[in-house]
1. Which value at 222 nm does the chain reach when only helices count, each DSSP H run of 4 or more adding -39,500 (n - 2.57), with the total divided by all residues and rounded to the nearest 500 deg cm²/dmol?
2. Charges on Cβ only, +1 for Lys and Arg, -1 for Asp and Glu, centred on the Cα centroid of the chain; of 401, 714, 912, which one is farthest towards the dipole's positive end?
3. Describe numerically, in nm with one decimal, the distance between label points set 7 Å from Cα along Cα→Cβ at residue 388 and at residue 436.
4. So between residue 746 and residue 175, what do we pick up on full extension, going 0.36 nm a residue minus the alpha carbon distance?
5. Please give the length that would be gained between residue 12 and residue 808 if that part of the chain were fully extended, namely 0.36 nm times their separation in residues minus their C-alpha to C-alpha distance (nm, one decimal).
6. What is the magnitude of the charge dipole of the stretch 206-360 about its Cα centre, with +1 placed on the Cβ of each Lys and Arg, -1 on the Cβ of each Asp and Glu, and no other charges, expressed in debye to the nearest 20?
7. Given N residues in the chain, what is Rg(Cα) / (2.2 N^0.38 Å)?
8. Please give the peptides 162-168, 120-126, 563-569 ranked by average Cβ packing (other Cβ atoms within 10 Å per residue), highest first, as a rough proxy for protection.
Amino acid sequence: MRNNIRYSQYWDVKCPPVKRHIIVGHFVPTLRGALGIHRPKRLVIEIEGDSSSADLSLHDEDKVTIRVLRPKRDRGKQWTSPFSSRENGDDDDYSSLGQVSVEEEEEESQYEGWMQYRHYTLEEIDKESSPNDTTWVASMGRTSTREVREFHFESAKEATAFKKILETLRSQVKERSEAYLEAFRISQIKDHSIALKTVDAEKDGDQLQILVEIVSATDLPIADHKTSDPYTICYLGKEEIHRTLPIFRSLNPIWTVHTGSLFLLQTSAEALFATSGLTFLVKDYDSVTKNDPLGQIVVSAPKILEFADLQPSERLEFPLTLLGQHRKSSTYLHPVLYLRFRHASKEDLSFLSRLQNMRRRKGIGIYANNVFARPRIKIANPLQRESRIEQGQRVYRVKPYPDPERPEDTKWLSAKALDEETLKPSYNWIEAGSGRLGKIYLEILRCTDLPNMDIGSKTDAFCSIIFEDCIVNTDVINDELSPRWPPWSQRAFCFRMAHGSSQILIGVFDHEIDKGATPIGRVSVDVTNLHPNTEYVLVFDLYKSILDNVRREVGKVTIRLKMEYDSFKDVVFGSLQIPSLNYINLAKKADFRCAHFVCYGEENLQRMDMEAIYSYKAEIEEYLSVFNQVGRAAITLFLWRGHVNFPGTAIKLPIHSMIAYIVASSLIENWNRLPAVFFFSITWFLLATNEHRYRHPSPWHQPMSFTDMWHALLFGDMVRPAMISEHENESAVRRYKQALLKRQEKEREASERAQARAEEIANLTSGEGMEDEMMETKLGKLTINPLAPLLLRVQDILGLVCKCLRIIRSIIMWDECYIAFALANVCLALSLILLFIPWNIILRWSLRLVVHSLMGPWMKLVDVFYWQKLDSQCDDNVAKQLQIAAREKMESLNIAKKAFMMKMEDFSKTKAIKRYMFGKFVTRVPQFKEYRYKDNPLPESTAMPFDMKLVSNMIRARQHGQALSGHMIPLWSGAKEYEHEEGE
């Protein structure tokens with residue numbers, strides 16, 4: 001939309017077709033220009049601005065526009081020239097060459113009988129000449145669409161007046177630019193805190209480097225059949241400085257770094273203020289015909305600097321001035337272009353330079369090496385010996401290499417000495433991740449009983465670890481089925497934790513030089529219930545599948561883990577928030593396959609897999625078996641069976657039965673307590689599940705107790721250190737598992753008998769169709785299934801249902817102990833508050849008010865004096881009210897649309913820039929505890945208190961996570977913390 005036109009003056013002229021236009025950067029004469037056929041035009045000088053004065057003096061934000069109008073023809077009517085003389089023929093080109101503009105209908109009515117044909121700014125007009133007193137010739141337009149035009153005035157007086165006004169405006173624009181430049185230089189001297197980030201201003205003459213982002217556009221006009229293919233061109237004055245790629249079939253395009261959203265405005269302050277600023281022209285791309293203009297905006301030089309100084313990286317909204325005769329996509333909403341400005345930092349310049357080099361080489365992953373610690377491999381000599389006899393004892397070659405500080409002593413070691421070296425503290429730690437809640441110190445010690453994945457040699461094992469937004473790898477141990485990683489190798493990693501419920505995902509692979517890696521097994525380590533300031537040595541079974549009903553172990557992995565919290569309160573409250581969705585980008589497909597296996601095992605759930613559907617079915621049936629557990633709990637509750645040991649004795653007290661009896665007795669005497677009892681029941685149920693888990697004989701299955709969490713929240717540390725010895729309570733755990741398996745077997749047999757009886761009854765009542773079923777040929781596993789798309793949809797729905805059930809299970813069973821702890825406390829507080837609210841009185845009086853106010857005889861008066869008058873209102877008022885309601889609804893929808901567009905912008909831009917920064921292959925890291933099975937440590941695991949000060953100062957390298965923050969060119973999350981610690 002155009003601003004207020006405070007000054008306007010026009011001249012009726014005759015204009016022949018274009019004399020010369022630009023072709024491949026040179027002016028070339030046109031054929032129609034040589035014919036000399038003159039057509040009537042109207043030349044208009046306008047000043048747009050907010051001022052109310054109607055003179056030629058220019059103010060700060062005034063814009064000068066020279067418009068060329070042509071007569072407007074009505075369909076079916078012959079056109080009549082406003083000039084006294086008429087010439088036959090019309091060879092002028094009224095197509096969309098150059099910058100053709102037609103404003104909205106209300107703006108077209110300003111010059112009745114005329115419509116806009118061209119419009120230019122002062123800086124787009126140069127190389128003027130006057131062959132005679134009534135003729136004016138000038139080169140007009142921007143670089144790629146310049147043309148030489150000739151205008152014939154009716155008299156020399158009119159030509160002189162036009163040229164004089166043009167010269168006056170030029171001089172005022174020049175004076176205004178000089179004033180802007182002087183004010184800019186004074187502001188640099190007076191206030192260095194708001195001064196522009198110039199690059200050696202004294203040498204480069206106030207050189208400016210401003211980063212500009214073309215963010216998106218909304219509600220663009222329809223240039224094609226139903227949509228448009230918009231792209232944006234940016235001009236500095238009349239010179240094109242940037243052009244985005246088109247976004248096909250979109251009226252709400254979002255430009256990313258992949259489609260050219262970012263560019264660097266490099267110019268001097270003097271050159272910037274000498275122009276009208278930046279012009280952003282949105283056009284519709286057509287591969288055959290000419291590209292039609294849709295709209296444009298002009299951002300003045302002072303505004304650019306103001307936005308870059310005071311509103312850096314802020315998403316700015318600019319209404320577009322409509323160009324071209326196109327249908328609007330929305331009746332109520334006007335097209336808008338969104339931009340961002342900020343001064344370019346050294347990091348921005350480095351990124352843009354590396355991005356350009358990467359595009360020239362058609363590569364991706366600018367910072368791939370900064371976020372991905374690759375597995376290091378030392379090529380072994382196949383002829384060298386792996387073991388030998390020294391002093392009557394067999395010793396083995398140390399892999400991947402001996403200790404650099406004592407190579408001779410650690411080149412050959414016995415099996416016992418190697419195990420002792422493996423358990424020593426690590427030398428080289430790599431810090432990774434973007435979190436701020438605490439740190440997790442992880443060491444990969446060894447793997448045992450790995451399968452042999454090679455032919456003619458043994459497995460070349462390495463581990464890949466994913467935690468939140470980072471991925472790291474250990475060194476490769478060649479030709480070992482039970483590899484040990486010595487403390488001087490790449491095995492120790494310090495992860496910055498961003499959420500207390502995050503899991504550590506570990507995958508073991510066989511390294512192949514030509515094929516990448518072959519997966520062996522994986523495990524997910526849940527650290528939610530582990531204690532800080534404790535050293536854990538954990539042993540886990542490795543599995544390939546995360547869904548199979550019966551999983552087969554493929555070896556074991558031993559890790560050492562320690563945790564350090566900055567504040568336990570921050571961990572608890574931070575864990576109540578929804579964890580951020582993390583994606584891992586990788587530059588090579590082989591690395592992506594490894595990362596996908598670490599997260600999701602050998603299953604490819606993006607394709608239809610009948611085994612996955614059967615696994616989901618079996619899992620849902622397992623959740624249905626919870627009714628059997630509820631039945632057993634109900635029997636224990638109603639029969640007052642003891643289950644809590646009295647301190648110091650073997651007597652078991654029926655505590656839950658006592659609580660149930662007291663609560664039920666209180667409720668039947670006063671139903672006003674029903675809401676309080678409901679929320680108390682949730683707290684009671686969660687505490688009961690916590691107690692049930694805590695009674696498990698294995699300490700690795702026990703969550704943090706409710707009282708321990710309150711103690712840690714109040715005093716900042718655990719009430720007792722975690723001390724677990726090797727094979728603790730192993731015999732009791734074995735008996736517990738055997739009893740559990742027997743009970744599950746009985747339940748399975750009972751379920752199968754019930755199912756068999758149901759099938760027998762169904763066969764007796766209906767025997768039809770059995771012959772058809774027997775005649776039908778069942779498809780084999782390798783047969784192409786025509787129902788695969790439909791079954792894939794069913795598989796996705798079942799997967800989503802199972803995922804939700806797993807998350808609910810993790811909260812109920814206190815695997816998500818922080819959420820369960822918060823939920824139990826909130827429900828307990830609500831039950832205490834609701835206990836003192838008289839719900840029966842509130843409900844009774846509410847119903848009384850409703851009945852007596854809406855159902856009494858006085859409603860007849862409401863009908864006579866209000867409702868009938870409302871029905872008798874005229875249709876015009878009703879139509880106006882409907883129009884107002886529709887406009888309000890569109891405004892509310894527009895607010896929701898803007899919020900949705902901002903989310904889509906963040907998602908699209910983050911996805912595109914991470915592709916260039918880290919790689920194009922993307923895998924999603926599980927956001928919640930989404931796995932069917934929980935991997936618990938084996939009985940040989942141990943835990944003991946540890947002083948974290950011994951490991952805090954051993955970080956030798958830092959690796960960024962892939963979480964990004966900020967706009968335009970985002971930074972790594974936690975980058976400031978890294979710089980601060982390095983400075984210290």
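1. Calculated from helices alone, the mean residue ellipticity at 222 nm is -11500 deg cm²/dmol.
2. 401
3. The two pseudo-label positions are separated by 5.6 nm.
4. Stretched out fully, the residue 746 to residue 175 stretch lengthens by 196.0 nm.
5. Once the chain is fully extended between residue 12 and residue 808, it gains 278.8 nm.
6. 420 debye
7. So the chain has a normalised radius of gyration of 1.28.
8. In decreasing order of mean packing, 162-168, 120-126, 563-569 become 120-126, 563-569, 162-168.
The values are calculated or read from the model by the stated rules, or taken from the named source; none is laboratory data. Predicted, not measured: the structure shown is a model, and the values here were computed from it. With ideal geometry, Cβ positions are generated from the backbone for all residues, glycine too; neighbour counts draw on all protein chains shown. Each accessible area value is taken on the protein alone, full model and side chains, heavy atoms only, with ligands, DNA and RNA left out. Shrake-Rupley method; radii C 1.70, N 1.55, O 1.52, S 1.80 Å.
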